[in-house]
Structures are given as C-alpha cells and as structure tokens.
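Below is one structure, written out as structure tokens, with a few remarks after it.
The values are calculated or read from the model by the stated rules, or taken from the named source; none is laboratory data. All values derive from a computational prediction rather than experimental measurement. Neighbour counts run over all protein chains shown; Cβ positions are idealised from the backbone, glycine included. For accessibility, only protein heavy atoms count, side chains too; no ligands or nucleic acids. Shrake-Rupley method; radii C 1.70, N 1.55, O 1.52, S 1.80 Å.
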Amino acid sequence: MKTFLTEIKTSVLITLVFAVLLCGAYPLAVWAGAQLLFPAKANGSLVTEADGTVRGSALLAQSFTTDKYFQPRASAAGTGYDASSSGGTNLGPTSQKLNDSIKAAVAAYRTANGLAADAPVPADAVTSSGSGLDPQISVANAGLQAARVAKARNVPVEKVQELVAAHTAGRDLGIFGEAGVNVLMLNVALDQQYPVKK
Amino acid sequence: MNNPNAWFQFALYVGALLLVTKPLGLYLMQVLDPRGRTWLDAVVRPVERLTYRLCGINPEQEQGWIGYTFALLAFSLVGLLFTYVILRYQDHLPLNPQGLPGLTPHLAFNTAASFTTNTNWQSYTGEATMSYFSQMVALAIHNFTSAATGIAIAAALVRGIARQSAQTIGNFWTDTVRVTYYLLVPVCFVFALFLVSQGIIQNFKPYTVAKTYEPYTISVPKLDDKGNAVTTSVPKTDEKGQPVMDAAGKPVMVDQPVMVDQKVDTQTIVQGPVASQIAIKMLGTNGGGYVNANAAHPFENPTPLSNFFQILSIFAIPSALTYYLGRMVKNQRHGWAVWGAMFAMFVAGVLVAWEAEASGNPIHQKLGVAAADGNMEGKEVRFGIFNSALFATITTDASCGAVNAMHDSFTPLGGLVPLFNIETGEVIFGGVGAGLYGMLIFVVLAVFIAGLMVGRTPEYLGKKIQAYDVKLVILVLMVLAATILGFTALASVSPWGLAGLNNSGPHGFSEMLYAFSSAVGNNGSAFAGLTANEPHWDTTLGIAMLVGRFLMIVPIMALAGNLAGKKLIPASAGTFKVEGFTFIVLLIGTVVLIGALTFLPALAMGPVVEHYLMGAGTLF
C-alpha cells in the first residue's frame, strides 16, 4: 500500500509535467509552425470575398439546390451541411429509411438532369457522405449535371464542361485516392464567369 | 477489385510499412533502454532529466512486476480523475470560446475511461461538446500517455521473455517518459505540420460564421420561451394513413411537435487546434476524433495523401515492435514470424472488406444506383471504395478506431471485417504495445497447443510454459469474451439497450455487438448510429473499457514477471520452433479459431444473417 501511495504522488507530479509539455508546449509549437508556414490552411481554407466576408471553406460542402448550380452530395450533418455537427446517416444496408431516401433521390436526379427512366445514377449522387460535408462529387456526377447548369445559365455546355475539368482534382500525386470535383469552388467560378442575369 | 490503381496503392502501403519497420524497431531499442542513445539526445536529454528530478524518479531503479503494475495503475487512476474533473467543469476553464457547458457525470466518466484506456470511444459530438481546453488538455494528454503506457507494457513483457532468473522487468516511469519524449512528441510535431500542409486546421479562433451562397429553409420544432418543444394534439393514424379509433369509436389523439420554417443563410465552421491532436490520435492508435465525423471530415483528413500517412502511422509502431521483439529475444526470425502472421490476417481482412464494398448493395442497385460505383453511403468521394475499406480494416486491426467512412453503413460483410478484427483481440498489428502483448498471449497459447499435440512440455524461447502461465493466458481470453458477450446480451434484452438503436432487425443487434466489442477491445470505432450518450450505455461501456484494458494488463504483467524469473533451457531436437511457416500457420489458426469459436454465434445473428437478407431484398 505504501508503494501505491508513493506512486500516486509520482503520478500527480508527472501528470502535471506532461500537461505542460504535451498539452501546452506541443500544440503551441505546432500552432506557431502552422501559422507561419501554411496560414490559409491552418485557418480553415476559407473562401472570402474582396471585402473580407467569409462565404465558406474550400474543404466543406454547403447547400446548393437550384438548377444553376452544381449540387453537392446529400448531407446528414445536423439539419444538412451543418459544419458544427458533422456525420453520416449511419443507416445500414437493409434500412427501409435509407432505401426510401435513395429511391426518391434517384428519381429526383433523373428528372432534374433529363436522364432516361432506367439510366444508372452515380452512387455518390444519391447517397449521403460520411462527414455530411464532402466537398466533392465524382467526375461522372459532375458530367451529368453540366447540361442542366449550362441551360439554366444560358451558356454552351462545352463552356461549363471546361470549367468542370478545371476544377477536377485528380488523384494525389497521380496515385492516391480518387478523382473528384470541388462543388463550392466550381459554383463560385461559374458565378464569376457566367453570372445569371437577374 | 478490378481497379489496378487500387492494387498499386495497396502495394505502396505495404512497401512503406516494411520500410519503416526495421529502422523504427532499432530506434525503439534505444528508446526503451534507459541508457540508450538517440540523435535527439542533445535536445531531449535535459528535458528528460528535469522531468525525473521534478517527479522524484530514479530512472536506473528497475521494478518487479508488482511495482511496475502499481505504478501503471496509479498513473492511470490519476489520469482518469484529471480528465473527469476538467470535463465536468470545462465551463469554468479557459479556451472555451463557444461557451460550451460542463459534461454530465455519466458522459464525463465514459469519456475519461475511454481516453485513459486508449479506446477513444466517443458518446458525444466533439465540435458541439468539447472546449479547446478539454480537447487539448483533458483528452490529448491521454492520447500520449495511454499510447506510451501500452508500449511500456509491451516492452516489460518482452523483457520478461528475454531475461532469465530476473527479478525485475524495467521501470514504468522511465519507459513512459522516454517513449513520449523520444518517439511520440518528435514524430507528431513533424506529422502535424505535414497534416496542416494538406489542409488540417490549427488555430485558437472561435468558430467562423460564413455567409452561404444559397440560403435555404428548414423545418424545425417550434420552441416556447423556456426552450421546450411546443406540441399539438392530432388524431393518430395507422400505417395506411387511416385514423386509429379507440373502443368507443372516437379517434385516438397523440401529441405532435409543431414545426416552423427557419431560414438558414450561414454555415458555422469549426476551428481549433486540430492538427496537433490528429497526429497523436493516429500515431498513438487512439482514434478519438476532434469532430464527430472523425477522419471522414475534411478538416481531419483533407486529402488522400493525408489519408495514406494517417493509416501508415497507425501500423508504424505496432509493426516496429515486432522487430523490437526479435532483437530483444535474439531471434529476429521469431519477430518476423509474428509480423508475418499479423500481415496475412491483415491482407485477408482488406480483401474481404474491399470486395464487399466494391460489390455494393443489390437493393440499392435495383433502385438505379450504378453498380460499378459500389456502396458509397457514408463514404467520401476523395477516398472512394478502396481507401475506405483499407482504412476500416487497419483501424480495427489496430486498436485505433478512427474512421474515414461510416462503418454503420457498410455492407454486412464489409462491416463484419472490422467487427471480427476487434474480436480477435486486436492482435493484427494491434494498438501501440497492446497489439504485441495481445499477440504474445496467443503465441504462448499456440506454443502450448503445439506442446500438447506432440506430447512434450511446451517451451517458448527456452522457457517452460507451465500451468500458471497458461491459466493467466486463459484468464485474459475468458474475461474479454465474457464481457463483450455478457454486456451485449444484457443490452439486447433491456429497454435502454434497444432505445439507443438507429437501425432495426439484425443490423440493430450488430450495433450493440459492435459497441461492446469496440469498448472491451479498446478500439473506439462504432456503428455510430447508436445513441450511447445516456446513463446506461455510458456506464456499461465505461466499465467495459476499463475491464478490457486493466483486466488484460494485470495478468499480462504477472505473466511477464513469472517468465522473467524462469531459467533458460537449451534448445534440443524436440524444441518447437517459433519461426517459419509452420509457426505462422499455427499462430493464425489459434487467433482465428479462438475468435471464431467465441463469437461466431453472435456474428451469425448480426452481419451474417443480414448478408443473406440483403441478398433477398428484405428491409427493416
């Protein structure tokens, strides 16, 4: 028992030392390095306007629902695209609820993009992402939405396709992960280059 | 699986893992020797000495197994209380720009137990619950110390195997301090900066409110002045939409919340010191996310490249520890044999999970989802099918528990792999330290079984394995299995157990089985639809985590002490060789058979039956 009490004393002391070093000095050192070397990324890759208004983060999806914008993947974060409550639906493969929502999403996607009633729909277009904030859609999904966006903006579809290609990120170093299109950045570019006349 | 690029990524991963194993193993030799020398000595040595002086530690004084265990338990107990108190009173502490309240007692207990035991099960939503101070101090301290403790225990056990007629197995304080200072902190510092370069945030600013491009309207429950939901009485309807009548023929009335429209034109973006925490979360196989979506969140895992290094960092130390084992017992082929058994089971898991997820869900494919895309529910586009299946396998082979895709939405077989990985005891590389000491339990058992088969007294590296040793091994295996299955059975027949479920049918059972497997295995990943922030779940899971950690560690320390005291007997022609192909097969057989025999009935009621129901198109 005496040994145990001595060890308790050592434990308290070392916990305090660790708290200072591992919970104080270490994150502060990383913070200093991060702010010095990669300030934009360390602060959330924010998308800001000339007057400083923050419009979102290049890494986080936000809601777009109208035809003139490319639409992100469905989101189960909070009430949708809530960047302070990330998460997926967590519905399993035999869930009736998931089945119903995918069925509705498939029908809506086909109607919105003028697809045939039996055309296969890209999986990412009708499922919710893991984080609810997935900034990307697949290249196939963007390709199918291009005609709709072009029509709503009254520009040739080739112009929109060019912009999609410019905002497509390939695999990292050509090897890692999968290619994808950043929806927010693409939509911002669309508004800049082909604004909708009011 | 007909994706050549994915095979190439897999090959690169294996190559990178092999590449770090030996150098890191040799580095561990120096770190786990109080007189070891490293190239960081000039900077770190003074801090190390100062720590010993401030805490009154004599680094040269070795401890017996009881002393070592006492130190370890005292340290864990103090850490548990430290975290509990901070979490309860975070509203009175600094660095809380969002003004988040203190945690409830059951959630604070669950979380403190969770981080102390290297589990990092999270019953809460990180970004909406934890202040920066709680994240950085209360939680991150355990990310370092629980990892260091795990490595220390593995080192103590290896010393017990390597030494003969010895009374001591090392000094707990020296091991913990040296692992933290020479290994974890330096690697994490570099790793964290790399993660920032990929897009992970590191700041102390309050959450940013962004003005979004397309405002939209949502329907939310109307609240009165006190914040309670306003309800209205409406006739109850049955499944066909017909009003339900009572015996007197009057419509049955039920309360329904009143919904009002709310315009959403902003997005609140999470900020905070994330990168520093993610680095140690992965390297220390902790797995507790800063935000709820964990490594699926773009702020925790922004690119496929950050993903690659995160999964490499999970296996780096566990893999290197097998090399350390080989060096210490002066039988490198034994170290590689243990590595080989782990590696074979790892590859098998990846292939099954990958195939299942790539094949996708036939029910959804009938609705029109492109079959070639696989199961994308709960997955991120940048990772795709392969990297999600790979991550899920690695995080559960090890006791990491971070997730880059939602396991709850995996196909039944895709979800079976993580679940079974955890139920093997997480010995497929495993947690830092925990994987090796867990696997050595199976090594002793395998040697014992081989001894029975040939009718000789079993020997392990020149030490006789006797009744006492085998009893300790069986104790560990029994306690873990009984805790997982016992608690799952209890939850299955309790109203509170069923109330937490997000899915019905066999998938609901899988959610409960996964929760207790994850807690006892100190993994921390989840079928995350389960709502566990409730007194019963929080408490039972908290107990399960403590049992899974400490009732495993104490018998293992006793085993280490007992092995250290034994004499070496010279090898003879009849000695069973703990290297080469035969041994690898025997070891894999032992792990898989024990896991399968114990958990097959439970797995059959969850993912296995769900697999066939999915094929038949049954929905719940």
**Q.** For region B:280-421, convex hull of alpha carbons as volume per residue, Å³
**A.** 102
Q: Please work out the C-alpha center-to-center distance from region B:551-607 to region B:154-216 and express it in whole Å.
A: 29
Q | Listed residues B:Leu445, B:Ala489, B:Gln198: farthest to the positive end of the dipole of chain B (Cβ charges) | A | B:Leu445
Q: Taking chain B as the reference, fit the longest principal axis to its C-alpha atoms, fit the long axis of helix B:304-328 to the helix C-alpha atoms, and give the angle between the two in degrees, 0 to 90, nearest 10.
A: 30
Q.
If the only charges are +1 at each Lys and Arg Cβ and -1 at each Asp and Glu Cβ, what is the size of the charge dipole of region B:352-466 around the Cα centre, to the nearest 20 debye?
A. 420
(Q) What does the C-alpha gyration tensor say about the overall shape of region B:1-140? Classify as rounded when a/c is under 1.5, otherwise prolate if a/b is larger than b/c, or oblate. (A) oblate
Q: With everything on Cα atoms, drop me the angle between helix B:467-492 and the longest principal axis of chain B, reported from 0 to 90° to the nearest 10.
A: 0
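Taking only protein heavy atoms into account and a 1.4 Å probe, give the accessible area per residue of region A:45-193 in Å². Each step should come with its number before you reach the end.
On the way: 5620 Å² over 149 residues.
Value returned for region A:45-193: 38 Å² of accessible area per residue.
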Q. Roughly how many debye, to the nearest 20, is the charge dipole of region B:208-269 about its Cα centre, given +1 on each Lys and Arg Cβ, -1 on each Asp and Glu Cβ, and no other charges?
A. 40
Q) Roughly how big is the B-A contact, given as buried accessible area in Å² (both sides, 1.4 Å probe, nearest 100)? A) 8800
Q. Using a simple spin-label model with points 7 Å from Cα along the Cα→Cβ vector, what separation in nm is obtained for B:Trp39 and B:Lys330?
A. 3.0
Q) So which GluC sites (Glu not before Pro) in region B:48-123 end up in coil per DSSP with only 15 or fewer other C-beta atoms within 10 Å? A) B:Glu60
**Q.** Positive-end residue, region A:45-193 charge dipole about Cα centroid, Cβ charges, pick of A:Val149, A:Gln161, A:Gly88
**A.** A:Val149
Q.
Helix A:139-153 against the longest principal axis of chain A: what's the angle in degrees, Cα atoms only, rounded to the nearest 10?
A. 60
Q) What FRET efficiency would be calculated for the residue pair A:Leu36, B:Leu568, taking the C-beta separation as r and a Förster radius of 51 Å, to the nearest 0.05? A) 0.40
**Q.** Candidate aspartates and glutamates - alpha carbon under 18 Å from A:Lys2, same-chain residues fewer than 8 apart omitted
**A.** B:Glu62
Q. Semi-axes of the equivalent ellipsoid of the protein assembly as shown: what are they in whole Å, largest first, if each equals the square root of 5 times a C-alpha gyration tensor eigenvalue?
A. 46, 29, 27
Q) Counting pairs of alpha carbon atoms under 8 Å apart in space and at least six apart in sequence, what relative contact order in percent does chain B give? A) 19
Q) If the chain between B:Lys471 and B:Phe194 were fully stretched, how many nm would it gain, using 0.36 nm times the residue separation less the Cα-Cα distance? A) 95.1 nm
(Q) Placing one identical point scatterer on every Cα of chain A and ignoring solvent, what is log10 I(q)/I(0) from the Debye formula at q = 0.12, 0.13, 0.18 Å⁻¹? (A) -0.74, -0.83, -1.32
Q. Once every DSSP H run of n ≥ 4 in the protein assembly as shown is given -39500 (n - 2.57) and the sum is divided by its residues, what mean residue ellipticity at 222 nm do you get, rounded to the nearest 500 deg cm²/dmol?
A. -17500 deg cm²/dmol
Q) Looking at region B:500-580, which trypsin sites (Lys or Arg not before Pro) are DSSP coil and have at most 13 other C-beta atoms within 10 Å of their C-beta? A) B:Lys567, B:Lys577
Q: Could I have the simple spin-label model distance between B:Asp224 and B:Val585, label points 7 Å from Cα toward Cβ, reported in nm to one decimal?
A: 7.4
Q) What residue among B:Ala156, B:Ala248, B:Ala229 has its Cα farthest toward the positive end of the dipole of chain B, where the charges are +1 on Lys, Arg and -1 on Asp, Glu, each on the Cβ? A) B:Ala156
Q: Would you mind checking A:Lys103/B:Lys211; B:Lys330/B:Lys577; A:Lys68/B:Lys379; B:Lys330/B:Lys464; A:Lys41/A:Lys68 for any pair whose Cα atoms are more than 20 angstrom apart?
A: A:Lys103/B:Lys211; A:Lys68/B:Lys379; A:Lys41/A:Lys68
Q | Per-residue SASA entry for B:Leu77, accessible area with 1.4 Å probe, Å² rounded to 10 | A | 70
Q: Determine the dipole magnitude for the protein assembly as shown: charges of +1 sit on the beta-carbon of Lys and Arg, -1 on that of Asp and Glu, nothing else is charged, the reference point is the Cα centre, and the result goes in debye to the nearest 20.
A: 1820
Q. Any idea what the relative contact order of region B:139-279 is, in percent, if you count C-alpha pairs under 8 Å spaced at least 6 apart?
A. 30
